[in-house]
Amino acid sequence: MAHTDVMVLGAGIVGTSIALNLAKRGLAVALVDRGGAGEGTSYGNAGIIEGNTIFPPAFPADWASLLRVALKRAPEANYHLAFLPTIAPWLAHFRAASRPSRLLETAQLMRPLFARSVVEHDVLCAEADGERYLRRCGWLKLYRSDRSFAGQARELELAASLGIANVSLDTEAARELEPSLAPVFRHAVNWTGAVSVTNPLALTRAYAALFAARGGVTLVSDARTLRRAGPHWQVDTAAGPLEAADVVLALGPWTNDVLAPLGITLPLAVKRGYHRHFRSHGNAALGRPVLDAENGYVLAPMEQGIRLTTGAEFAARDAAPTPLQLERVTPAARGLFALGEPVEQQPWLGARPCFADSRPVISRAPRQRGLWLACGHGHWGLTLGPATGRLIAELMTDATPFCDPKPYAAERFMR
Ligand SMILES: Cc1cc2nc3c(=O)[nH]c(=O)nc-3n(C[C@H](O)[C@H](O)[C@H](O)COP(=O)(O)OP(=O)(O)OC[C@H]3O[C@@H](n4cnc5c(N)ncnc54)[C@H](O)[C@@H]3O)c2cc1C
């Protein structure tokens, strides 16, 4: 039986960042996944390290918007009808958490993590030779109507009070930054402090390589073999059984697969999302990710091509792909930017692991000694992976945490 101090189950951006932070603090760590680092949800995101985020995504605020979603006319959201009864309780909590006062509360509770997000990536990138994957020119949110731009007033006001850098631009000023964008929008905001990634998979792999260089061990295993063995935890790996006093579950949307058999079920849902890469026509190019706010998609320049990513789809995690949103937004995206042929035959599908209150869980597991949780990073796992890694490593080593961890405790769901 092999022994280690800590096993981290799940080698997405969250688990890999945790394993690395623990190894940097001198612990013997095994990073365990059924596949390679960064090949799950962390593979397919829009690549934005959004330290600028203030408000979380919200349930539609008015009946007209809700009706558009219900009638499947809203590009930002889709659902499988047969899944609605299953997701209804989660949606009710999400709706309650979308009241203006709750959104403001979430913004305040999440700020310490967002404020550390770019810095903690910088720390890891400096050592992992990851700087080559980062672009430091912000990300652009585009608004096609005066009305939708006016809807951002509160966010911009708060950004000013919090000192979060951004620049509001008219069409021409935005096109000076991104000349290949067609003038189909009236306003833009460049969130200049945000950083974007040219290849999220390569970035996670760079962190995993640094982890290995620090003496960390990477193993292949099905995390569902996790079991208690006296005071320890064990999993079966391809290299034989492994034992540790502490285990961290960083399994993203698969967390409950391992947690539920241990008697704990977190109210974790998934918001599925798609992407597809496209070639550019002629010399068309993008220097940074661009959100088309009314149409609910992002165009993100990646090493593989221009990555078109979609909003949320409420469906069972493992249900067959239904890339309706991608089909719906592609014409609008083509009107904004000269997308050429798709790179892949089929779109990629991932599942954002989300709690209804839009806060992750970064804490001890209730009632299980030596079990730690880091999941539910929703729309911001790439952003928050390294900050999560630092926070959980500080909690596990009894160091002073860089922020109050209470808002991210699993206990909030155990009342
Ligand atoms: C379309 C889209 C766009 C996004 N854009 C952004 C963005 O711009 N910025 C941002 O910050 N975030 C974004 N996100 C969110 C972000 O990608 C996720 O929050 C993040 O990847 C979650 O990381 P994770 O490490 O928790 O999960 P994952 O990356 O899914 O990692 C979990 C790991 O667990 C492993 N695993 C699961 N089950 C088992 C098992 N039984 N045994 C062993 N291993 C197992 C998987 O193989 C996987 O490697 C986006 C998401 C989507 C879908």
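Can you check what the net charge comes to around Asn78, using other residues whose Cβ is under 14 Å from the Cβ of Asn78 (Lys, Arg +1; Asp, Glu -1)? Write down the numbers at each step before the final one.
Working: positive: Arg68, Lys72, Arg73, Lys271, Arg272, Arg328, Arg352; negative: Glu76, Glu313, Glu327.
Its environment carries a net charge of +4.
Could you work out how much longer the chain between Ala238 and Arg224 gets when fully extended? Use 0.36 nm per residue separation minus the Cα distance between them, nm to one decimal.
3.7 nm
Hydropathy at least 1.0 by Kyte-Doolittle, axial extent at least 15 angstrom from the Cα trace: which helices of the chain, defined as entire DSSP H runs, fit?
Values: long enough: 13-24 (16 Å, 1.26); 84-96 (17 Å, 0.60); 100-128 (41 Å, 0.22); 200-213 (20 Å, 1.21); 324-336 (19 Å, 0.04); 381-396 (22 Å, 0.81).
Helix filter hits for the chain: 13-24, 200-213.
Using alpha carbons only, how many angstrom separate the centre of the range 101-144 from the centre of the range 367-415?
17 Å
At a 1.4 Å probe radius, carbon and sulfur cover how many percent of the accessible area of the chain? Walk me through the numbers on the way to the answer.
Values: 9440 of 16920 Å².
Ligands and nucleic acids excluded, carbon and sulfur give 56 percent.
Excluding residues on the same chain fewer than 8 positions from Lys72, give the aspartates and glutamates whose Cα lies under 16 Å from its Cα.
Cross-link targets: Asp62, Glu294, Glu313, Glu327.
Between Leu158 and Ser65, what length in nm is gained on full extension when 0.36 nm per residue of separation is reduced by their alpha carbon distance?
Details: separation 93, 0.36 × 93 = 33.48 nm, distance 2.42 nm.
Once the chain is fully extended between Leu158 and Ser65, it gains 31.1 nm.
Report the FRET efficiency, 1/(1 + (r/R0)^6), for Ala173 and Glu327, where r is their Cβ-Cβ distance and R0 is 56 Å, rounded to 0.05.
Details: r = 32 Å, r/R0 = 0.57.
Approximately 0.95, to the nearest 0.05.
Within straight cross-link reach of Lys406, meaning Cα distance under 30 Å, which lysines are found once same-chain residues fewer than 8 apart are removed?
Lys24, Lys271
If you count only protein heavy atoms with a 1.4 Å probe, what accessible area per residue comes out for the chain, rounded to a whole Å²?
On the way: 16920 Å² over 415 residues.
For the chain, the solvent-accessible area averages 41 Å² per residue.
Could you work out how far the C-alpha centroid of the range 304-344 sits from that of the range 201-275, in angstrom?
If you average the Cα positions of each part, the centres end up 30 Å apart.
Among bridges DSSP assigns within the chain, what percent are antiparallel (round to 5)?
Working: 48 of 72 bridges.
Within the chain, antiparallel bridges account for around 65 percent of the total.
Through the Karplus equation 6.51 cos²θ - 1.76 cosθ + 1.60, θ set to phi - 60°, convert the phi angles of the range 235-250 into ³J(HN,Hα) values in whole Hz; use x for Gly and Pro.
9, 8, 10, 4, 9, x, x, 10, 10, 8, 6, 10, 9, 10, 8, 10
Determine by what factor the alpha-carbon radius of gyration of the range 254-382 differs from 2.2 N^0.38 Å, reporting the quotient. Write down the numbers at each step before the final one.
Working: Rg = 17.7 Å, N = 129, 2.2 N^0.38 = 13.9 Å.
My calculation over the Cα atoms of the range 254-382 gives 1.27.
With θ set to phi - 60° and the Karplus curve 6.51 cos²θ - 1.76 cosθ + 1.60, what are the ³J(HN,Hα) couplings of the range 366-377 in order, to the nearest whole Hz, using x for Gly and Pro?
x, 6, 10, 4, x, 9, 10, 10, 8, 7, x, 7
Can you give the net charge of the other residues whose Cβ lies under 13 Å from the Cβ of Arg34, counting K and R as +1 and D and E as -1? Provide the component values of the computation, followed by the final result.
Values: positive: Arg224; negative: Asp33, Glu39, Asp222, Asp236, Asp257.
Here the charged neighbours net out to -4.
Amide H to amide H, which residues 5 or more places from Arg352 or on other chains are under 5 Å from it, using H placed in the peptide plane?
Under 5 Å from the amide H of Arg352 lie the amide H atoms of Lys271, Arg272, Gly273, each far enough along the sequence or on another chain.
If each Cα of the chain is one equal point scatterer, what is log10 of I(q)/I(0) from the Debye formula at q = 0.08, 0.09, 0.13, 0.14 Å⁻¹?
-0.41, -0.53, -1.13, -1.31
What nm value, rounded to one decimal, do you get for the distance between Arg279 and Arg147 when each label is placed 7 Å out toward the C-beta?
It is 4.0 nm.
Quickly work out the Ala88-to-Thr265 label distance, labels modelled 7 Å from Cα along the C-beta direction, and quote it in nm with one decimal.
1.6 nm
Using helices alone, what [θ] at 222 nm do you get for the chain, with -39,500 (n - 2.57) per DSSP H run of 4 or more residues, divided over all residues and rounded to the nearest 500? Present the calculation step by step, with values, prior to reporting the outcome.
Values: 11 runs with 132 residues, N = 415.
That comes out to -10000 deg cm²/dmol.
The values are calculated or read from the model by the stated rules, or taken from the named source; none is laboratory data. Remember, predicted model here, so these are calculated numbers, not experimental data. Here the Cβ is made from the backbone with ideal geometry for all residues, glycine too, and neighbour counts use every protein chain on show. The protein model used for the area step is the full one, side chains on, heavy atoms only, and it has no ligands, DNA or RNA in it. Shrake-Rupley method; radii C 1.70, N 1.55, O 1.52, S 1.80 Å.
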